[in-house]
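Engineer: Provided herewith is a single structure, encoded as structure tokens, for subsequent inquiry.
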Amino acid sequence: MPSFVEQDRPAPILLQNLTLPDPAICGESELYLHRDSGVSLDLDTGRMHLLEGGTAEFDGYMTLFNLGIWTRACHLGGLALRLGGKGLVALQVTRERVAGDAEILVETLVTLAPEGILVDLTQALAGTPGTGLQEMDGLLKLRLVAQEKAVLTGGAYLATDTRAARDVSLAVAITTFRREAEVAATAARMAAFLDRESERLGARVHLHVIDNGGTATVPSHPHVSRIENPNLGGAGGFARGLALAQDGGFSHCLFMDDDASFQMENLTRTIAFLRLARSDRAAVSGAMVSEACKWRMWENGSVFHQVCRPQFVGTDLREPEEVAEMELAAARPKPPGFYAGWWFFAFPVAETRAYPFPFFVRGDDISFSLAHEFDTVTLSGVVSFQEDFSAKESPLTLYLDLRNHLHQHLVHPGLEIGPMGTIKVAMRFILRSVIRMHYDSAEAQLEAWEDVIRGPGFFAENADMSVRRPQISALARDEAWREVPPQGPGEPARPGAIKTQLMKFTLNGHLIPFWPRLGGETAIPARQRGLIWPIWGQRAARFYDGTGRRGYEVRHDKARFMRILHRATALALRWRRAYPELRDAHRKGYAEMATRPFWEARFVPADTATRAAAE
């Protein structure tokens, strides 16, 4: 049987709320809970109304409690569930150690009260009083069945033994370039959240908006500052944010993208985790979900080795069993090469050994994680919703991708794969573009390879990319988006195994004579633009956006293919000959450039008022 105590139990720490959907961020209710027709949500007031017999299960990605992550990484001496509302409900708390197979921990009737009650879960989990919760596994989920008409006004998991909690202060850095509306909305929401919840958070929080475009506006608020910065890309903006965190005496820094939308619950869970973390190197990596498909995981952490390997991509967050499999796996030790994307990454300032490398964008987050030995976790429900990488793909982004991939393998000893290994990385990138008839992209990738061969001085001289960026962007001729005749609905059919193998061996017809007469033509939606299979067997392809009115067309071109292949072969030979000297030079350059002095020489000093607000 659970024990019930008053809500004023000394110094609990709120770990995570039973969050409800926010239509402005994500209205997919099945990410939060599953309910029958006897349950309705009032999202304006944050209340749940239950008719007699109405059943709600808090088993979604946003509301389950990952016992494995919290007990292994945190000092969790006691755990309780707080429920507020009115009416009699049957409460069931289950623990799921294998996806789809749950054991009942607590099953009882609860009379909800406006001031809230606490249901102690510690003894049910630990078995022996006073032992605390250590190295446990499984996921906690809860089920409510109304025994009469009832209302739930709130619910949360709390840490009840907080003697081991540490002091945490968080400097939040958002780097922005001319995304005025998005940044203003995020800053306003965060300011309102801090006004409402700062005492309960138990941490000092300050938002620094690093304005690389000089156009951002933020609310006048004691915990929000705008810092004007030259356009040094995400790398330079976040370097500025890290410097402000160090100067302000903050224990932790949080990097966030300017186009990321998220519920403020992200901050609640992140700060609670950092306060209770066992390791001084504890860090939190937020997941990312595409704005275009808010029920599908895009990336819940990623692993870098030769290519980026997003973790749990495609997981259907509406399906409890798929979510359980992902979360149970996420509680295990992270694989080598794990890194955190900077759409949401919180880390300890004192453990920082290197600054971002001047990639401008793309790869700075990978390099930063690889340069540090953070104990990084992902927390269920800590997620950003934003435009995914396939929507942003262009010759410029692919130039930046290949450039950083080659650089990572040169400078990080644990990624050493030698000259032939790195040549394979470059050729894989280029051939992928060629196979998809994206010759503009392939030519941009050749430029990336050439620029890495130029040595570390190239990165120092092009930290703002003001010269190189327009040069690379100008390569987008066939791949430039433009108005096109309206495209109706429909998607290409997936080719069979024999056709797929034939296309692989012939590089999608590039090795077959007269392919422009033999291949087909197709139309491909933008969300499938990064895939290869839709283009197998085609001599031409039109890519179109969600409106069907904007797109571009690529066509098979053997002469261009041969020129690209010839140049790639020449670069490979140069790379192989120069590899030892290049590796040593880039490692030395990294040690000089991933530093505060390098960046401070490029920052525009903040004015007195901005500096005072930041402090």
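The values are calculated or read from the model by the stated rules, or taken from the named source; none is laboratory data. The structure displayed is predicted, hence computed values, not measured ones. Here the Cβ is made from the backbone with ideal geometry for all residues, glycine too, and neighbour counts use every protein chain on show. Quick note on the areas: whole protein, heavy atoms, side chains included, nothing else; ligands and nucleic acids left out. Shrake-Rupley method; radii C 1.70, N 1.55, O 1.52, S 1.80 Å.
Engineer: Of all residues being of a type in the set (Gly, Ala, Ser) and surrounded by fewer than 22 Cβ atoms within 10 Å (Cβ to Cβ) in segment 289-301, which is nearest to Glu197 (Cα to Cα)? Just the residue, please.
Structural biologist: The extreme case among them is Ser290.
Engineer: Another question about this same structure. List the pairs whose first member sits in segment 196-223 and is under 17 Å from Val168 (Cα atoms), whose second member is part of a loop (DSSP other than H, G, I, E, B) and open to solvent by less than 40 Å² (accessible area, probe 1.4 Å), and whose Cβ atoms are under 6 Å apart, counting only residues at least 6 apart or on separate chains?
Structural biologist: Taking only residues 6 or more apart or on different chains, the pairs are Ala203/Val168.
Engineer: Where residues in segment 175-205 are of a type in the set (Ser, Thr, Tyr) and touching an Asp or Glu at 6+ places or on another chain (Cβ under 7 Å), which of them is farthest from Arg163 (Cα to Cα)?
Structural biologist: Checking each candidate, the answer is Thr176.
Engineer: Between residues in segment 136-154 that are without any contact (Cβ under 8 Å) to a residue 60 or more places away in the chain and residues that are crowded, with 23+ Cβ neighbours inside 10 Å and not in a loop (DSSP other than H, G, I, E, B), which pairs lie under 6 Å by C-beta distance while being six or more apart or on different chains?
Structural biologist: none
Engineer: What helices (runs of 4 or more DSSP H) completely inside segment 396-470 contain at least 3 residues that are out of contact with any Phe, Trp or Tyr (no Cβ under 8 Å at 6 or more places or on another chain), open to solvent by less than 30 Å² (accessible area, probe 1.4 Å) and closer than 28 Å to Gly551 by Cα?
Structural biologist: 439-453
Engineer: Have a look at Ser384, Ser380, Ser390 and point out the one that is surrounded by fewer than 22 Cβ atoms within 10 Å (Cβ to Cβ), touching a strand residue (DSSP E or B) at 6+ places or on another chain (Cβ under 9 Å) and within 23 Å of Met288 (Cα to Cα).
Structural biologist: Just one listed residue meets the conditions, Ser390.
Engineer: Specify which of the listed residues (Thr547, Thr506) is of a type in the set (Val, Ile, Thr) and open to solvent by less than 90 Å² (accessible area, probe 1.4 Å).
Structural biologist: None of the other options fit; the residue is Thr506.
Engineer: Have a look at Leu125, Leu170, Leu140 and point out the one that is open to solvent by less than 30 Å² (accessible area, probe 1.4 Å), closer than 30 Å to Ala56 by Cα and either modelled with pLDDT under 90 or assigned to a strand (DSSP E or B) (or both).
Structural biologist: Leu140
Engineer: Considering each residue of segment 355-375, count those that are open to solvent by 10 Å² or more (accessible area, probe 1.4 Å) and assigned to a loop (DSSP other than H, G, I, E, B), and give that number.
Structural biologist: 8
Engineer: Evaluate segment 154-162: report whether one residue or more is over 34 Å from the mean Cα position of the chain (by Cα) and over 30 Å from Pro348 (Cβ atoms).
Structural biologist: The answer is no, given that none of the residues of segment 154-162 is over 34 Å from the mean Cα position of the chain (by Cα) and over 30 Å from Pro348 (Cβ atoms).
Engineer: Among the listed residues Leu31, Leu18, which satisfies the condition of being modelled with pLDDT of 95 or more and either within 22 Å of Gly116 (Cα to Cα) or open to solvent by 30 Å² or more (accessible area, probe 1.4 Å) (or both)?
Structural biologist: Leu18
Engineer: Looking only at segment 561-576, how many residues end up being open to solvent by 20 Å² or more (accessible area, probe 1.4 Å) and more than 19 Å from His405 (Cα to Cα)?
Structural biologist: Qualifying residue count for the region: 6.
Engineer: In addition: Does any residue of segment 578-600 turn out to be assigned to a loop (DSSP other than H, G, I, E, B) and either open to solvent by 70 Å² or more (accessible area, probe 1.4 Å) or of a type in the set (Gly, Ala, Ser) (or both)?
Structural biologist: Kept after step one, since they are assigned to a loop (DSSP other than H, G, I, E, B), are these residues of segment 578-600: 594-595.
Narrowing the set further to residues that are either open to solvent by 70 Å² or more (accessible area, probe 1.4 Å) or of a type in the set (Gly, Ala, Ser) (or both) leaves 594.
Among the residues of segment 578-600, at least one is assigned to a loop (DSSP other than H, G, I, E, B) and either open to solvent by 70 Å² or more (accessible area, probe 1.4 Å) or of a type in the set (Gly, Ala, Ser) (or both), which makes the answer yes.
Engineer: Separate question: Does segment 511-526 include one or more residues that are under 30 Å from Gly414 (Cβ atoms) and touching a residue at least 60 places away in the same chain (Cβ under 8 Å)?
Structural biologist: No: zero hits.
Engineer: Something else: Condition first: assigned to a helix (DSSP H, G or I), open to solvent by less than 10 Å² (accessible area, probe 1.4 Å) and more than 21 Å from Ala260 (Cα to Cα). Can you find one or more residues in segment 327-345 that meet it?
Structural biologist: Looking through segment 327-345, at least one residue is assigned to a helix (DSSP H, G or I), open to solvent by less than 10 Å² (accessible area, probe 1.4 Å) and more than 21 Å from Ala260 (Cα to Cα).
Engineer: While we're looking at this one, here's another question. Could you please tell me which pairs satisfy a Cβ distance under 8 Å, a separation of 6+ or placement on different chains, a first residue in segment 549-565 that is touching a residue at least 60 places away in the same chain (Cβ under 8 Å) and under 19 Å from Arg529 (Cβ atoms), and a second residue that is of a type in the set (A, V, I, L, M, F, W, C) and surrounded by fewer than 17 Cβ atoms within 10 Å (Cβ to Cβ)?
Structural biologist: Pairs that qualify, where the first residue is touching a residue at least 60 places away in the same chain (Cβ under 8 Å) and under 19 Å from Arg529 (Cβ atoms) and the partner is of a type in the set (A, V, I, L, M, F, W, C) and surrounded by fewer than 17 Cβ atoms within 10 Å (Cβ to Cβ), are Arg550/Trp481; Gly551/Trp481; Tyr552/Ala480; Tyr552/Trp481; Glu553/Ala540; Val554/Ala540; Arg555/Ala540; His556/Ala540.
Engineer: When segment 239-288 is examined, which residues are found to be within 16 Å of Phe347 (Cβ to Cβ), open to solvent by 10 Å² or more (accessible area, probe 1.4 Å) and under 19 Å from the mean Cα position of the chain (by Cα)?
Structural biologist: His252, Asp257
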